[in-house]
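Heads up, the thing below is written out as structure tokens.
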Amino acid sequence: MMDVITKPDPGPSREYHFPSFDEETLPGGTRLVVAAAPKLPIITILVVFDAGAAEDPAGKEGIARLTARALSEGTSKWDGAELAEKFEQMGTSLDTGADWDSAIARVTVLPGNLAAALTLLGEVLADPAFPEREVERLKSERIAELLQLETEPRGLADERFPAFLYRESSRYARSQGGSAESVRSLTRSEIDAFYRSRYTAGRTTVIVAGDVKKADVRTLVTPLATALPRGSVARLHAADIPAPASRAIHLITKDGAPQSEIRVGHAGLPRKHPDFFPVLVMNAILGGLFGSRINLNLREKHGYTYGASSSYDWRRGAGPFEISTAVQSDVTAAALREIFAEVERMRSEEVTLEELSLATSYLEGVFPIRFETTSAIASALANLIIYDLPRSYYDEYRKEISRVTAATVLKAARDHIHPEELQTVIVGDTGQIREGLTSVGAGNISVAPAK
Amino acid sequence: MRIPIETFHLDNGLLVTLSEDRTAPIVAVNLWYHVGSANERTGRTGFAHLFEHMLFQGSANVTANEHMELIQRAGGTMNGSTWLERTNYYETLPSNQLALALWLEADRMGRLLPAMTQEKLDTQRDVVKNERRWSVDNQPYGTMLEKLQELVFPADHPFQHSLIGSMEDLSAASLEDVAGFFATFYTPDNAVLSIAGDVDRAEARCLVEGYFGSIPRGKGKPPLAPMALPPVFGARRRDIVEDEVSLPRIFLTFRSPVFGSDAYYAASVCSAILGMRRGSRLHRSLIRERQVAADAAAFTFDLAKGTDLFVVDVTARPETGVTRLEDEVEREIDELYRDGVSELEVKRALALIETDLVNAMQSAGERADRLSMFATFFREPELVNVQADHYRAVTSHRVNDFIAERLGEDNRATLLYVPRAGQGTEGVLAEAASEA
């Protein structure tokens, strides 16, 4: 009879290696990265351009995202509807978009459609027409999106938060997709110029992951790579200058809201920071895991919320460090007090070995689960390129995690969390929550409308 | 593409499916209990979901929240979810930790009640009330599921009431309710266990028998109120909700063939033709050409009993009024009803669906979940492999039969969200107008 009372011990663990990959530079300067991962007959092609929103010119915020989205809206040969139809008849769709550090184009196909998909993708990337009508439509859709945010508390809190963390002149202070004003000012010719200067062969990497042979891929990708625009552009301004600030609460009024959407944080660290691993583990303990201090406190101890977490938004520049939760309105002040107490505790004493091992064993153990799909493998490879990480990064990852100690976690918290600078944004029922907040000690309170 | 599947029963009625894939040292464990909000009694809306939360509060040999801690410490991920017809619990973890996941699932299936306390129930009740505030009450269109259920199902139908539950009913839930629900529904003969990934099948079977074999069979569950409904509503239905939203949004809903039936596959293909990706009819027409919509989609609920629902979901652009939105969507459906679909449209939908099926099977968790789904609803996990064939057999002729039968005026229910009066969208509207 089996022992059903005692927790079983793990069996011997099987080794896991991140898929091996080949890298080369094609004539013209485009890089090609190929990872054979033949689990199932499926392939992801991910093209990464050094054309992210961090470099949007002042007043033209939103141009990186709009350019990426408009890529699939037509070539000199096909209009947008025809392109969508062609890709979808191949069982895939072309996703294009931009975040802070890169723009991407991605398709996932069954092997029989690989050659045709790459050919069409090549046409799209080398010969986009940016039709006026479609550009105007995409601009209107962004304006509709901004309007939707006014009644969406989570989105509204996320949208408003960065303006309090960064200097006004910093790109990170403003919305990634641009404001109604900046988006309205974008023209077709500006988008075309943005494309010609940034979607160049030298700023492009083609990543192919899945059921493929490396030699085949090279032949298929070369025409695409040689057709891209040539040239270069200097990197612009720093996007991440923090606003000099002391603690403050910024209330955004939503009358009658049953919950308060809370964001607390300050500018964090750039992705390539030498303390990346200790900070990763520190954040896991503070608010990154279900069993983290903030979640256990706010959710499981107090029942204030459905969930609470902390995160670092890792970018080339110092993206936000932020604690995020939504609590029922009548406990807003109490919840904020707990959040500040947890932040202080993180800096005042070493984490227990139990907490440390929970975080490190989770991060080490979950590593293979992060790369089950061709799309996930391609994205992981893209991060090596975007953040200029070493080729061995994924082979070393678990070793780096295991080297983190309670002492380095404490040092990371003391060096990189600055309680005196924490900015708090709350979207909620100002009339109900304001008075209670005065005694929390989270700084001066200002109030703004939702629109 | 076919995945390997092995199926067996334990003497206590637990149905077990295994799918071996040795590509990476990962294993997924997935349990479906054939109980959902449909099984709740009057005055206890939301209880199936509250109960799901209680399953993470420990069992005889596991302390509160230890389940999550042990899985995360093992390097795994886990969660659970509740739906109208079922509740599932799942873990994906390093394959040498399979025994841990099975032990945890077996302890709460066999020995939950010793760990239940009033304090835990009170805390989880507060958590769930906050989940309701977060996902329903303080979220634009968040009441959609509740409002739709009320609109399309008759009052005494098991699918008619709220899944997340009312605040009042959540407050009323007691420890006796927990005990009763557990005894009635959380039994091995009302569950399916699926394991997918890096497993030795003989070893897995041995572990399953060891951990789950001694859990007693249940005493049967009370029958649900009659589920069957006529294929069409018979008359138009309509509900208008004034809400804290910026843009009008319509959910035009039809009764549709139940999940898994032959006609279901035609309905599913039809929903892809109408609303899947940018090449779909709604996207081409309402977003790209006529520019009256900001978003457009169509989908089926995939309900396996009574009736399924086929939903067309379109959000207006700021300059599109409510009446215009409704007219434009109705016009699209009328056109579809009049002219049907072409073989080329079916081909596009099938190509997308096929890639999606293969894509989904890459993840061990997804594999295990689909095995559990087919095993729970039809006792036939092999349907995972047959599903693609069912789709491939769909022709324009069959889609047009579905359309003729289900998309007529006698089968339309309109749930319409409109911005609350005085919402004050004038600023952005003026801005949008200046664009034109």
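Quick note: the coordinates plus some simple rules give every number you see, no bench work behind them. Everything numeric in this text was worked out from a predicted model, so none of it was measured. Ideal geometry is used to build each Cβ from the backbone, glycine not excepted, and the neighbour counts take in all protein chains shown.
Side notes on the structure shown:
- Per residue, the convex hull spanned by the alpha carbons of the protein assembly as shown comes to 154 Å³.
- Highest-MSF residue in chain B out of B:Arg290, B:Arg277, B:Arg367 [GNM, Cα springs under 10 Å]: B:Arg290
- Taking the longest Cα principal axis of chain B as reference, the axis of helix B:396-406 is set at about 80 degrees.
- At full extension, B:Asp410 and B:Ala60 could sit 120.6 nm farther apart than now, given 0.36 nm per residue minus the alpha carbon distance.
- If the convex hull is drawn through the Cα atoms of the stretch A:140-210, its volume per residue in Å³: 177 Å³
- With the largest listed first and rounded to whole Å, the semi-axes of the equivalent ellipsoid of the stretch A:368-439 from the Cα gyration tensor are 38, 21, 12.
- Along each principal axis, taking the top coordinate minus the bottom one, the Cα set of the stretch B:116-182 gives 37, 28, 16 Å in descending order.
- If you bin all the Cα-Cα distances of the stretch A:248-449 at 5 Å, starting from zero, the percentages per bin are 1, 7, 14, 18, 18, 15, 11, 8, 5, 2, 0.
- Estimated 222 nm signal from helices in the protein assembly as shown, with DSSP H stretches of n ≥ 4 weighted -39500 (n - 2.57), rounded to 500: -12000 deg cm²/dmol
- Taking every Cα-Cα distance in chain A and sorting them into 20 Å bins starting at zero, the pair-distance distribution P(r) comes out as 22, 51, 26, 1 percent.
- Amide H contacts of A:Arg315 (H built 1.01 Å from N, under 5 Å, at least 5 apart or other chain): A:Arg271
- Within the shell defined by Cβ-Cβ distances under 12 Å, the residues around B:Arg406 carry a net charge of -3, with Lys and Arg each +1 and Asp and Glu each -1.
- As a proxy for reagent exposure, ranking B:Trp83, B:Trp134 by other Cβ atoms within 10 Å from fewest up yields B:Trp83, B:Trp134.
- The HN-Hα couplings worked out from phi for the stretch A:65-70 by the Karplus form 6.51 cos²θ - 1.76 cosθ + 1.60 (θ = phi - 60°) are 5, 5, 4, 4, 5, 6 Hz, whole numbers, x standing for Gly and Pro.
- Pairs beyond 25 Å (Cα-Cα), from B:Lys221/B:Lys305; A:Lys60/A:Lys272; A:Lys60/A:Lys451; A:Lys451/B:Lys129; A:Lys39/A:Lys213; A:Lys214/B:Lys347: A:Lys60/A:Lys272; A:Lys451/B:Lys129; A:Lys214/B:Lys347
- Residues whose amide H falls under 5 Å from that of A:Ile445, counting only those 5 or more places apart or on a different chain, are A:Ile249, with hydrogens built in the peptide plane.
- Charge tally around B:Arg255: other residues with Cβ under 11 Å, Lys/Arg +1 each, Asp/Glu -1 each, net 0.
- The 3J(HN,Hα) values that the Karplus relation (6.51, -1.76, 1.60; θ = phi - 60°) gives for the stretch B:327-338 are, in residue order, 4, 5, 5, 4, 4, 4, 5, 4, 4, 5, 5, 6 Hz. Gly and Pro appear as x.
- In order through the stretch A:98-106: 3J(HN,Hα) via Karplus (6.51 cos²θ - 1.76 cosθ + 1.60), integer Hz, x for Gly, Pro: 9, 10, 5, 10, 7, 10, 9, 10, 9
- Degrees, to the nearest 10: A:353-365 long Cα axis against longest axis of chain A: 10 degrees
- Distance between the modelled labels on B:Glu343 and B:Thr323, one decimal in nanometres: 4.4 nm (7 Å Cα→Cβ projection).
- Intensity falloff of the stretch B:237-435 expressed as log10 I(q)/I(0), Debye formula with alpha-carbon point scatterers, at q = 0.08 Å⁻¹: -0.31
- Only Lys, Arg (+1) and Asp, Glu (-1) charged, at Cβ; the protein assembly as shown dipole about Cα centre in debye: 1120 debye
- The slack in the chain from A:Ala116 to A:Ala215, taken as 0.36 nm per residue of separation less the alpha-carbon distance, amounts to 34.0 nm.
- Kirkwood's formula applied to the C-alpha pairs of chain B gives a hydrodynamic radius of 23.4 angstrom.
- As a size descriptor, the averaged projected area of the C-alpha convex hull of the stretch B:6-212 was calculated at 12.2 nm².
- Selection among A:Ser361, A:Ser348, A:Ala333 by position relative to the dipole of the stretch A:320-364 gives A:Ala333 as farthest towards the positive end (Cβ unit charges, Cα centre).
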